[in-house]
Amino acid sequence: MKTREVRFGRNLKALREIHKVTQKKLAEELHMSRQAISLWEKGMGKPDIFYLDSICTYFDVSIDQMMYGDIVNPDRYTTLEDSDIKERTTGEEELVGFLEEDISECFPPIAIDFGVIMTIALELKRMGYEVTEVFGNGFSVFTKTKMERKRLKKDIYEVGDCLIHCDNERITNYREEVESRVWEVKSQIVEETMTTILGKEPEEFAYLWYDEEDNVRGYADTEEECIEQARHQACTKFRIMDNI
């Protein structure tokens, strides 16, 4: 039997946006922690059957729809004309997602853990890469050319090599700091990393936008900025959500 994609986290975020319910309010209404909701929306873990039932009842959706459906109506997507972005593109743009197994292929000798993922994401940002999202088991990087993607894998290897040999004090110290806090709520560390990358907390932006595959592509204070980011990333089909 083919495994269906679990879309619980994305659907929970979408339902909150549709019903204008903050994480804090939902947590208070259903007697759960806001941190747990944040983790679920980032794809880190899933609620037990009792919480799942409470959430589905609250939003009046079935468990099957909540777990595997597509809550967002396709009509909510905004479509840009190719001519609107053609002058800004190379024709080779691609959003590259790296999960634990993908990072492992770049440098097999080292075990990939949470600290390694956060460290690599920050180092790539310092190198000038356009990191668009960081989550519990990976990150996404927007690339403009094939050459940049080829260089990206090489740079990930070099960061990993620094981690193996501990020959870069900044990289080593950051990983050790993360690992020393491994028992803290992971969502807090993800949010701190995103704040460093974005320049302020993700929650402080008014909007965020997703591409057709439901990848987070950017955060902005206006819808116009979201559209401008979409032009920059050569993304012709996307949806803008209130960041609540």
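Structure summary
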{"quantity": "Rounded FRET efficiency, nearest 0.05, which uses the C-beta distance separating D113 from L52 and R0 of 35 Å", "calculated": "0.80"}
{"quantity": "5 angstrom amide H check on G43, placed H, neighbours 5+ away", "calculated": "none"}
{"quantity": "Per-peptide average of other Cβ atoms within 10 Å, ordering 52-61, 130-139, 83-92, 35-44 highest first", "calculated": "130-139, 35-44, 52-61, 83-92"}
{"quantity": "Within the stretch 186-215: backbone nitrogen closer than 11 Å to the S33 label point (7 Å, Cα to C-beta)", "calculated": "186-188"}
{"quantity": "Stretchable slack from E105 to M147, in nm (0.36 nm times residue separation minus alpha-carbon distance)", "calculated": "13.3 nm"}
{"quantity": "Full-stretch length increase - T89, E176 - with 0.36 nm per residue and alpha-carbon distance subtracted", "calculated": "27.4 nm"}
{"quantity": "Extension gain, T22 back to K154 (0.36 nm per residue minus Cα-Cα distance, nm)", "calculated": "43.5 nm"}
{"quantity": "Structure-based [θ]222 nm, the chain - -39500 (n - 2.57) summed over DSSP H runs of at least 4, per residue, nearest 500", "calculated": "-15000 deg cm²/dmol"}
{"quantity": "Cleavage-rule hits (GluC sites (Glu not before Pro)) in the stretch 136-234: DSSP loop, at most 16 neighbouring Cβ within 10 angstrom", "calculated": "E184, E212, E213"}
{"quantity": "Dipole magnitude of the stretch 8-72 about its Cα centre (Cβ charges: Lys, Arg +1; Asp, Glu -1), debye to nearest 20", "calculated": "340"}
{"quantity": "FRET efficiency, 1/(1 + (r/R0)^6) with R0 22 Å, evaluated for I164 and V6 via beta carbons", "calculated": "0.10"}
{"quantity": "Net charge, M147 excluded, C-beta distance under 13 Å - Lys, Arg +1, Asp, Glu -1", "calculated": "+2"}
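Rule-based calculations on the coordinates, nothing more; no lab input. These figures come from a predicted structure and were not determined experimentally. Don't worry about glycine lacking a Cβ; one is built from the backbone with ideal geometry, like all the others, and counts go over all protein chains shown.
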